1. Given the rule -39500 (n - 2.57) for each run of at least 4 DSSP H residues, summed and divided by the residues of the chain, what is its mean residue ellipticity at 222 nm, to the nearest 500 deg cm²/dmol?
2. So for the stretch 39-140, what are the equivalent ellipsoid semi-axes in whole Å, largest first, each being the square root of 5 times an eigenvalue of the Cα gyration tensor?
3. Could you compute the FRET efficiency for residue 123 and residue 253, with r as their C-beta to C-beta distance and R0 at 25 Å, rounded to 0.05?
4. Kindly list the residues of the stretch 123-151 that lie in the label zone of residue 235, defined by a backbone N under 18 Å from the point 7 Å along the Cα-to-C-beta vector.
5. If a paramagnetic tag sat 7 Å from the Cα of residue 176 along the Cα-Cβ line, which residues of the stretch 29-45 would have the backbone N under 14 Å from that point?
6. Consider all pairwise Cα distances in the chain and report the whole-number % of them above 26 Å.
7. How would you order 152-162, 211-221 from highest to lowest mean count of nearby Cβ atoms within 10 Å?
8. Given the Cα-Cα distance of residue 263 and residue 33 and 0.36 nm per residue of separation, how much length would full extension add, in nm?
C-alpha cells in the first residue's frame, strides 16, 4: 500500500509541474495566438537562475522566489523586441520563437558550458505523510505548484484583468472596440506565461540535472497536453496535462521510459482522433 501511495505522490508531482508549464503555454497561445517554441528554454532559464543564486551565496530558496520574476521580466523584453512584430502570423511566431530558443540555449552554453550542473536540495529531509516517509522537497514542489495554479486561476477568473483577458480570448476585435487595452494585456500575458515556466524550472532545479536541453523534455508533453485538453478555456489544458502526466509517469514506473513515450503518443493520437477540439472543450449546441 505504501508503494502505491508513493507512486501516486510521484505522479501528482510530475502532473502538477506539467500543468504549470502547459498553463503558461496555453495562456500565451489562447490570448495572443502565439506558439512559443522557446517556452521550454524559459523553464530552463528558471533553473539556471536558481543555480546562479546558489553559486553567488544567495541560496536556493531565494533563487526559487526570484526565478519567476526574472523570467517574467525577460518575457516582457522578448515580447517588446520580438513577439509584437509577428502578431497574427502564426507561422512567423513559430520560426521567431524557435530561433529564440536556439539563441537562449547557445547563450547558456557560452555562459555555463554544455555540461550539466547540480543544485543542492534545500529540504533534504523526509516528511511523514499518512505513515509514509516521503521526500520533504517533493512535497514542497507540490505545494508551490498548487499555489501558483490557484493564484493563476484567481487572476483569470476573479479579477477585472481576468475578465478582460477572457474577453480578448473570445473575440479580440470586439474587446478592442469595447475599450480594452489589448496591447497591455498581451505584454502582461506573455510575462505571466514566461514566469510560470520560470517557476517550473526553478522548483525542478534541485531534483534534476541542469543542462541547456532540459526544457525540451517538458515542452513536447506540454504541447500534447494542450492538443488533448483543448483551448476552450484557460482550464482545459490542465485536463490534457493530467492525462499525459498520469500516463507517462505510470508507464515509466511499471514498464520503462521508452515504453512511456510510445504509449503517450498513442493515447494522444486516439484522443485527438475522437476529440479533435479537446477532451475538455465545450461542444457547440445544436438547436
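Derivation of every value follows stated rules applied to the coordinates shown; laboratory data play no part. The model shown is predicted, which means the values in this text are computed figures rather than measured ones. Here the Cβ positions follow ideal geometry from the backbone for every residue, glycine too, while neighbour counts run over all protein chains shown.
1. Details: 11 runs with 206 residues, N = 287.
Here the helix-only value at 222 nm equals -24500 deg cm²/dmol.
2. On the way: eigenvalues 219, 56, 33 Å².
Output for the stretch 39-140: semi-axes of 33, 17, 13 Å.
3. On the way: r = 23 Å, r/R0 = 0.93.
Given R0 = 25 Å and the Cβ-Cβ separation, E is 0.60.
4. Within reach of a label on residue 235, which here means backbone N under 18 Å from a point 7 Å along Cα→Cβ, the stretch 123-151 contributes 146-151.
5. Within reach of a label on residue 176, which here means backbone N under 14 Å from a point 7 Å along Cα→Cβ, the stretch 29-45 contributes 32-33.
6. Values: 18231 of 41041 pairs.
For the chain, the share of Cα pairs beyond 26 Å comes to 44 percent.
7. Details: 152-162: 14.4, 211-221: 19.6.
My ranking of the peptides, most packed first, is 211-221, 152-162.
8. Values: separation 230, 0.36 × 230 = 82.80 nm, distance 2.93 nm.
Working it through step by step, the gained length comes to 79.9 nm.
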